[in-house]
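Below is one structure, written out as C-alpha cells; comments come after it.
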Amino acid sequence: MPAGRRLLLRFQIRMEIDRSLLYRFFSREATPQEADAIASWLKEDPSNRKTFDREYSLFMSSQVSLNEESAGRIRKGGMRQRGARILAFAASVAAALFAGVLIERHFHARPALDRMGSAMISSHTPQGQTSTVTLPDGTEITLNSNSTIEYPAVFSRGERRVKLEGEALFSVTHDRDNPFIVETYAYEVKVLGTKFDVEAYSDEGVFTTSLVEGSVAVQDGDGTEILRMEPSQRVSLSDGVLVRTTFEGTDDFLWTEGVVSASGVPFDELMRKFRRAYGVNISIDRQDLPRVDFSYLKFRVSDGIEHALGIMQKGSDFKWEYDSSTDTYHIR
C-alpha cells in the first residue's frame, strides 16, 4: 500500500475513534467493524490506551451515579419495584468484559483488564427496600432490606468472589472452572451453579444459608470446607455452632416478591422481619413473647406495617402503639 494511502487510512481511524464511539463500545452498541477499528487504534499508539482507560473510567463513574440515583427511586415501605436490575450498569460491566477480551486477543496484554478487575463495585439496599443486581457473569442477586453486595467490575480467573453484608437470594450462572464464592463476616459459601439464600447480618450475629437447588459448601475464610448442603437444607449459626435443618417450600424467600410469611415463625423473629421489610422501628416492651401459631399467614408489604400488626392481633395476645416522637412501634 502506498505510504500516502497508509497515512490517510490512519488519519481516518483517528477521526472515527471519538468519545461517542468509545461510549457505544462500552455500552456494547458498537458494530464488529467499529470494535476492530478500536482495536487497531489501541495498537497504533500507546497514548491511545491512556485515552481509552480515561474514557472508560469516566463512563463507569457515570454508570455508578446512575445506579445510585435509580436506587433512590425504589419505593419505600417494601413496595417492590419490579425489574430494578440496573440495566445500564450491568451493560457497562459486560462491556468491560468485552473490552478486556478484545484487548487481550489483539495484544496479549492484561494490565487494563487487571485494573478493571481490581475495581470493586458496591450496591446497597436501604432499610425497607429490595433491589436486584446482575453481575458481570450473568448471576442475578436480589438484595433484601439493609443489605450490601460488593463485587469486582471483572471477575478474575479461578473464582468469582463477592462480599455480602445482609441477606440476598442468588441465582448463580454455572461455571465449573470458576466457582462462585460468597464471603460473609462468619463463613464463606462456595457454589458452582445454583440458587440459594444467604443471610449474614454481622451486627445481629446472624448467619444462615438456605439451598433451593444445586449444591453449595460452607467453608472457613481460609477455604477449608466445613460441610456440604443438599437442596431444601438450611445451615444456621447458633451459639457459635453451625446447625443443619430442612425446610419445605419457598415461603422464606417471598421477601423477593414484597411478601412476608409468618408461617411457623416465632414472634421475635417475625418482628425482625417486619423491621427490615417495612423499614420501621419496633420495640418489644414486655418480658414474655406473645404467643403466635400461624400455620398460613402472609403479609404484602405494600399494605403497611399497621395492617400486618392489626391482623396478627386477632390471633395473638398483644397490643401495639405507635410513638411518633421516636418513630417506633411498641409491642405490649
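How big is the charge dipole of segment 121-253 about its Cα centre, in debye rounded to the nearest 20, if each Lys and Arg gets +1 on its Cβ and each Asp and Glu gets -1 on its Cβ? Each step should come with its number before you reach the end.
Details: 10 positive and 23 negative charges, 72 e Å.
I would put it at about 340 debye.
Using 0.36 nm per residue of separation minus the Cα-Cα distance, give me the extension gain between Thr326 and Gln313 in nm, one decimal. It would help to have the intermediate numbers written out before the result.
Numbers: separation 13, 0.36 × 13 = 4.68 nm, distance 2.25 nm.
So the extension gain works out to 2.4 nm.
Using only the Cα atoms of segment 258-331, what are the Rg and Dmax in Å?
In Å, with Rg to one decimal and Dmax whole: 11.5, 35.
Going by how many other Cβ atoms sit within 10 Å of their own, how do Met312, Met120, Met271 line up, fewest first?
Going from sparsest to densest Cβ surroundings: Met120, Met271, Met312.
Given the C-alpha centroids of segment 113-187 and segment 207-229, what is the distance between them in whole angstrom?
Taking the Cα centre of segment 207-229 as reference, the centre of segment 113-187 is 16 Å away.
Provide the net charge surrounding Asn281, with neighbours chosen by a C-beta distance below 11 Å and charges set as Lys +1, Arg +1, Asp -1, Glu -1. Before the final figure, lay out the partial values.
Numbers: positive: Arg275; negative: Asp323, Asp327.
Overall, the nearby charge balance is -1.
Would you grab the residues whose amide H sits under 5 Å from the one on Ser147? Only those 5+ places off in sequence or on another chain, please, with H modelled 1.01 Å from N.
When sequence neighbours closer than 5 places are left aside, the close amide H contacts are Thr125.
With 10 angstrom as the radius, rank Tyr23, Tyr151, Tyr296, Tyr185 by how many other C-beta atoms surround their C-beta, starting from the fewest.
Numbers: Tyr23 18, Tyr151 22, Tyr296 9, Tyr185 15.
Sorted ascending by nearby Cβ count, the order is Tyr296, Tyr185, Tyr23, Tyr151.
Can you tell me the Rg and the Dmax, both Å, for the Cα atoms in segment 156-259?
13.0, 38
What does the charge count around Tyr151 come to, taking other residues whose C-beta lies under 13 Å from its C-beta (Lys +1, Arg +1, Asp -1, Glu -1)?
Working: positive: Arg160, Arg161, Lys163; negative: Asp137, Glu140, Glu150, Glu159, Glu165, Glu183.
With Lys, Arg at +1 and Asp, Glu at -1, the net is -3.
Using a basic spin-label model with each label point 7 Å from the Cα along Cα→Cβ, how many nm lie between Glu140 and Arg54?
Here the modelled spin labels are 4.0 nm apart.
Please list the non-local residues whose amide H lies under 5 Å from the amide H of Phe155, H modeled 1.01 Å from N, same-chain partners needing a gap of 5 or more.
HN-HN under 5 Å from Phe155: empty list.
Quick note: the coordinates plus some simple rules give every number you see, no bench work behind them. Given the structure is predicted, the values throughout are model-derived calculations rather than measurements. We place every Cβ from the backbone using ideal geometry, glycine too, and count neighbours over all the protein chains shown.
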